Amino acid sequence: MSLKYNIHQDPPRKDGQPAAKHLRTVDLKAVDNRALAQAMRRRCNAYSAGSCLGILIDLADTMPELLAKGFAVHLEGIGTFSPQVEGDVEETARGSRATNLRVGAVVFHPDAELLSEVNRRARFEHVLETRRSLPSDAEVEAFLDEHFATHTTLRRHQLESHFRLSKRLALRLLEHLVATHRLLPQGSRHTLHYVRA
């Protein structure tokens with residue numbers, strides 16, 4: 001697998017200067033505790049997957065206690081987790097006073113070894129940026145004519161891929177196409193596909 005990214009255009013600037021572009025990571029897949037424990041087990045068979053999972057659970061239980069006491073937690077070769085304090089600052093006759101105190105975020109700073117190892121292994125893939133709005137009716141009709149000329153069914157991922165839509169926007173478009181009697185849904189939740197109405 002590769003690290004997917006796109007080139008994101010910032011909104012137009014009020015001063016008329018060209019808007020900046022920056023790289024943005026997209027389509028990251030989450031790895032839960034169980035999958036991480038299995039990956040740890042594959043790398044080192046000295047511990048069982050259950051032991052690795054137990055260590056992760058204990059770590060998740062222990063870190064909040066240390067962070068709440070004002071410690072920055074450093075995991076050697078990984079990085080440092082630091083609590084960030086937030087609250088409301090009020091001015092009084094005696095000076096500034098903070099209220100509604102809370103930890104608003106836990107900031108992670110990776111160790112240099114972690115970054116170096118990630119970069120040594122990383123492979124990158126440029127993907128086009130997803131659209132922020134639905135395609136026009138004309139674009140959709142042209143796509144449907146072209147698609148159904150060679151296919152009998154349409155799946156959500158095909159719509160996402162063709163128009164570079166997020167899952168949310170693709171579902172919204174499919175609902176609209178069903179409501180306007182251009183597509184008919186078929187199958188169950190896991191096998192859902194669409195045919196021309």
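Tyr5 sits with roughly 60 Å² accessible to a 1.4 Å probe, with DNA, RNA and ligands left out of the calculation.
Restricting to the chain, compute how many DSSP beta bridges are antiparallel as a %, nearest 5.
Percent antiparallel among DSSP bridges in the chain is about 90.
Using only the alpha-carbon atoms, how far is helix 167-179 inclined from the longest principal axis of the chain? Give it as 0 to 90 degrees, nearest 10. Relative to the chain, helix 167-179 is tipped by roughly 30 degrees.
Applying a DSSP loop filter and a limit of 14 other Cβ atoms within 10 Å to the trypsin sites (Lys or Arg not before Pro) in region 76-121 leaves Arg94.
Counting other C-beta atoms within 10 Å, and keeping those with at most 14, which DSSP coil trypsin sites (Lys or Arg not before Pro) do you find in region 13-46? Passing both the DSSP loop test and the Cβ count: Arg13, Lys14, Lys29.
In the list (1) 58; (2) 63; (3) 43, the label attached to percent of Cα pairs over 26 Å apart as derived from the coordinates here is (2). Quick one: how many lysine pairs does the chain have with C-alpha atoms less than 25 Å apart and a gap of 8 or more or different chains? Give me the count, please. The result is 6. If you line up the long axis of helix 33-43 against the longest principal axis of the chain, both from Cα atoms, how many degrees apart are they, to the nearest 10? Helix 33-43 sits at roughly 80 degrees to that axis.
Once the Cα atoms are used to define both axes, helix 137-148 deviates from the longest principal axis of the chain by about 70 degrees.
For Leu3, nonlocal amide neighbours, meaning residues 5 or more places apart or on other chains whose placed amide H falls under 5 Å from its own, are Arg123, Phe124, Glu125. Region 144-197: which trypsin sites (Lys or Arg not before Pro) are DSSP loop and have at most 12 other beta-carbon atoms within 10 angstrom? Those that pass, being in a loop and sparsely packed, are Arg189. If you count only protein heavy atoms and use a 1.4 Å probe, how large is the accessible surface of Ile7, to the nearest 10 Å²? The accessible area comes out at roughly 80 Å².
When shorter helices are ignored and each DSSP H run of at least 4 residues is given -39500 (n - 2.57), the per-residue value for the chain at 222 nm works out to -11500 deg cm²/dmol.
The values are calculated or read from the model by the stated rules, or taken from the named source; none is laboratory data. Computed from a prediction, not measured in an experiment: that's the story for all the values here. Counting neighbours? That spans all protein chains shown, and the Cβs are built from the backbone with ideal geometry, glycine included. Note: accessible area is taken over every heavy atom of the protein model, side chains too, but ligands, DNA and RNA are not part of it. Shrake-Rupley method; radii C 1.70, N 1.55, O 1.52, S 1.80 Å.
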